[in-house]
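Notes for the one structure printed next.
The values are calculated or read from the model by the stated rules, or taken from the named source; none is laboratory data. None of these values were measured; they are calculated from a predicted model. Every residue, glycine among them, receives a Cβ derived from its backbone with ideal geometry; neighbour counts consider all protein chains shown. What goes into the accessible areas is simple: the full protein's heavy atoms, side chains included, and nothing from ligands, DNA or RNA. Shrake-Rupley method; radii C 1.70, N 1.55, O 1.52, S 1.80 Å.
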Amino acid sequence: MMTKQLQKILYVEDEPDIQTVAAMALESLGGFELLICSSGDEALAKAPSFAPDMILLDVMMPGMDGPTLLKALRSMPKLTSTPVVFMTAKVQPQELAHYRSLGALDVIHKPFDPMTLTDQVRDIWRNKGD
Amino acid sequence: MANERLTAQIAALQKRFLAQLPEKMERLQAAIAKISSEDRGAGAKPESVRATARGIAHGLAGSGGTFGFPQISETARVLESELHPPTMQDAINHAINQRKIEDHLTRLQHVVAHALDADASLIDECLISSQSTYEEESTAREPDLEEDSRRTVFLVEDDTELASSIALQLGHFGYKVHSFSSPADMRDESDAARPLAILMDIGFPEGEFAGTSFIGEKIPSHLKDIPVLFISARGDFKARLEAVRAGGSAYFRKPVEISALAATLDSVTKRVPPMPFRVLIVEDDESIAELYAETLRSEGIEAEFITNPGRICQPLAEFSPDLILMDLYMPECDGIELASLIRQQPTYVSVPIVFLSCETRQDKQLAALKHGADDFLTKPIHADELVSVVKSRVSRARELRGRMDYDGLTGLLNHSKIMARLEVELARAHRLDRPIAFAMLDLDRFKSINDTYGHAVGDRVLRSLSHLLQQRLRRSDIAGRYGGEEFAIILTDTDAAGALRTLDELRADFAQLNHVAGNHEFKVTFSCGIADFPSYNHTDTLSAAADAALYAAKRLGRNRIEVTPPIDSPSPANKPGAPMPGAK
């Protein structure tokens, strides 16, 4: 079975400058269709109609944090099995296991390198297994 | 080629990151200072300042490396880990924790200082040149990426009252003014920063041409090659000639009209670069289209292409090209037919159309020109020639169009153009599901200004408001002159609340400006009404709602801004007996 193409990414991050860099990296370099949300609430409102193929979540955000948002997203019918990746500075093995147990597919280390972000995302997509 | 552009944009973001560091570090330091036990009694709970400090450190840890400063990330992360609530609350552990926090903070300060030093000359100007094309904004308005925060100019003026008045007024236009009372003072005291421009009086106690001779002959090397604007009470030929000989860029007679001064400052310091040219390419071969597009983009021209001529209507309306580059022979549609189709629309009667084709037969080329094309280029074409033809055609077309689309006095869009633009922006807002706000602005008691001071002065007031609008609004906002003393503003990606914030600041600043008429100085205010989409989703209802809010603002005392809420909520404009919207 052919792996579906990764086209639409939902990115949830509250810091505007990081949003801009990520948009450059994923939209212009990566060619993905990108929706950026600044908060959990905005993401919950817009995710269902955007129907992303993959979701990137910042872990620490004011208001709703990444793990809480993940739980809320998973309760939406269209998003129960959408791959979710956490963006976080913490990548100790036990923390990685913890995030996986919450339902994340993988983590991307922050601060990320804008030039390689797309590659990281594609690698994760390719290795997700179907 | 795309990568070079991105690298430049990332470099611009990096500078912005650096520019924000000092303020973040100050806040971090202040929060950490409050954590210590001595301060605990004085206000904020220790846990909340700890969380504040942790948040700032976390932000730096997560972003430093992305912007090219991995050391900032690492040092901040260590500090962040120490800022978690200590597991053991006893006094000894608390003291140890406190010391660690302070050590890590000091280390972070060193790393930050090091990063800033490396970019010191750039920080002074805080130049940000990144395009906002990729910026996705929430409805809380983000400041325009183009906004500079410390644009320094030197003012050399021995009349201290005048100097402080000019400094204050120019501050409203975004300039930071360093004043000196003589050329010698500027020479001696200014070795730190390099200003963007120098405002120089001509006459001083030491000599009637002390200013011009200083600039012409005695300028120190650290101030060379900076644009100089002369100001003087004199307007005679000799003084002006001296100014020209000294290499001045401009000459202003006192009393100085501040908005004219600010406009000249903008142009000599290249603050508001002209809008990039926009070219739409219609070419069925995608790789060729891409090649032309990239060639133009590498010269700073915005280029979009379509391979299917049938899809021309949307990009025509939304991208609004300055020039259309078109293949002559396309499978589905003849270039000549397409040109005629484009010219059917009144807006595009005058847009330059350039054919690009393998056709070498002169009679065919002439036929194409007869049908509405402005030029005919044969393939294969050299990149330089393409760029040069495009640039010269677009400049000329813009000049001509300027006379049709823009109000001659203020340089803003005229009435029909701004309303046409509102339709376009509203359609785009519908499609992208983003809010836009529409504001109607009217100068207060303008008739009495004209009656008291004359129409020439009234015109100057209109120009100074237009100038302030052009300066302070973002690139993506559009301002137009709606009527005699009425202006209309379209704020994209903004809701009514965001528009209110921006325009209220503008209102307050405009109210502070001194306008000059002979020996008189006076101030002027404006009233403003705002409505937004999606509260109102049609041009008619949106402009009527803004108009009603403007009327309310006038009724409620002027020099204020009112917002019309959506139809289904109670508002003065919706009550029966309220004035009919649109009755102006």
Take the Cβ-Cβ distance between B:Arg501 and B:Glu217 as r, set R0 to 51 Å, and report the resulting FRET efficiency rounded to the nearest 0.05. 0.55
Just tell me which aspartates and glutamates come within less than 13 Å, Cα to Cα, of A:Lys128; anything on the same chain fewer than 8 places away is out. A:Asp53, A:Asp106
Placing +1 on the Cβ of each Lys and Arg and -1 on the Cβ of each Asp and Glu in segment B:385-521, which of B:Ala437, B:Ile489, B:Leu412 has its Cα farthest towards the positive end of the resulting dipole? B:Leu412
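For each pair in B:Lys370/B:Lys417; A:Lys8/A:Lys78; A:Lys110/B:Lys24; B:Lys447/B:Lys523, compute the distance between the two Cα atoms and list the pairs where it is over 21 Å. Can you show the working numbers first?
Details: B:Lys370/B:Lys417 29 Å; A:Lys8/A:Lys78 14 Å; A:Lys110/B:Lys24 19 Å; B:Lys447/B:Lys523 14 Å.
In this structure, B:Lys370/B:Lys417 lie more than 21 Å apart at Cα.
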In segment B:329-374, how does Rg compare with the Kirkwood Rh, expressed as the Rg/Rh ratio over alpha carbon atoms? 0.97
Just add up the charged neighbours of A:Gly103: K/R +1, D/E -1, any other residue whose Cβ is under 10 Å from the Cβ of A:Gly103. +3
Quick tally, 1.4 Å probe accessible area for B:Ile353, B:Ile219, sorted with the most first, runs B:Ile219, B:Ile353
At 7 Å along Cα-to-Cβ for each site, give me the label-to-label distance between A:Asp41 and B:Arg27 in nm. 2.0 nm
Proximal aspartates and glutamates to B:Lys224, defined as alpha-carbon separation beneath 14 angstrom and excluding residues fewer than eight positions away on the same chain: B:Asp191
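Kirkwood Rh and Cα-based Rg: tell me the resulting Rg over Rh for the protein assembly as shown, rounded to two decimals. Please report the intermediate quantities before stating the final value.
Details: Rg = 29.2 Å, Rh = 29.4 Å.
Radius of gyration over Kirkwood radius for the protein assembly as shown works out to 0.99.
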Net lengthening on full extension, B:His114/B:Asp459 (0.36 nm per residue, minus Cα-Cα): 119.1 nm
Counting only the heavy atoms of the protein chains, how much of B:Tyr551 is accessible to a 1.4 Å probe, in Å² to the nearest 10? 110 Å²
In nm, spacing of pseudo-spin labels at B:Gln98 and A:Ser49 (7 Å Cα→C-beta vector): 5.4 nm
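At 1.4 Å probe size, put B:Phe180, B:Phe305 in order of accessible surface, largest to smallest.
On the way: B:Phe180 20, B:Phe305 55 Å².
So the residues, ranked largest to smallest area, are B:Phe305, B:Phe180.
Could you estimate the translational diffusion coefficient of segment A:1-88 from the Stokes-Einstein equation, with Rh from the Kirkwood formula over C-alpha pairs, at 20 °C and 1.002 mPa s, in whole µm²/s? Display every interim value, and only then the final one.
Working: Rh = 13.0 Å.
After rounding, the answer is 164 µm²/s.
With a Förster radius of 30 Å, plug the Cβ-Cβ distance of B:Thr378 and B:Ala317 into 1/(1 + (r/R0)^6) and report the FRET value to the nearest 0.05.
On the way: r = 30 Å, r/R0 = 1.01.
E(calc), rounded to 0.05, equals 0.50.
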Inter-site label distance for A:Thr80 and B:Lys554 at 7 Å from Cα along Cβ, in nm: 6.1 nm
For B:Lys34, list the aspartates and glutamates whose Cα falls under 14 Å from its own Cα; do not include residues on the same chain fewer than 8 positions away. B:Glu26, B:Glu47, B:Glu102
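In Å², nearest 100, what accessible area do chains B and A bury in total when the solvent probe is 1.4 Å? Don't skip to the end; give the middle numbers.
Values: alone 29170 and 6980 Å², together 33960 Å².
Result for this pair: about 2200 Å² buried.
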With a 1.4 Å probe and every protein chain left in place, tell me how much accessible area B:Cys358 has, in Å² to the nearest 10. 90 Å²
Ranking B:Phe173, A:Met60, B:Ala545 by how far each Cα lies towards the positive end of the charge dipole of the protein assembly as shown (+1 on Lys and Arg Cβ, -1 on Asp and Glu Cβ), the top one is B:Ala545
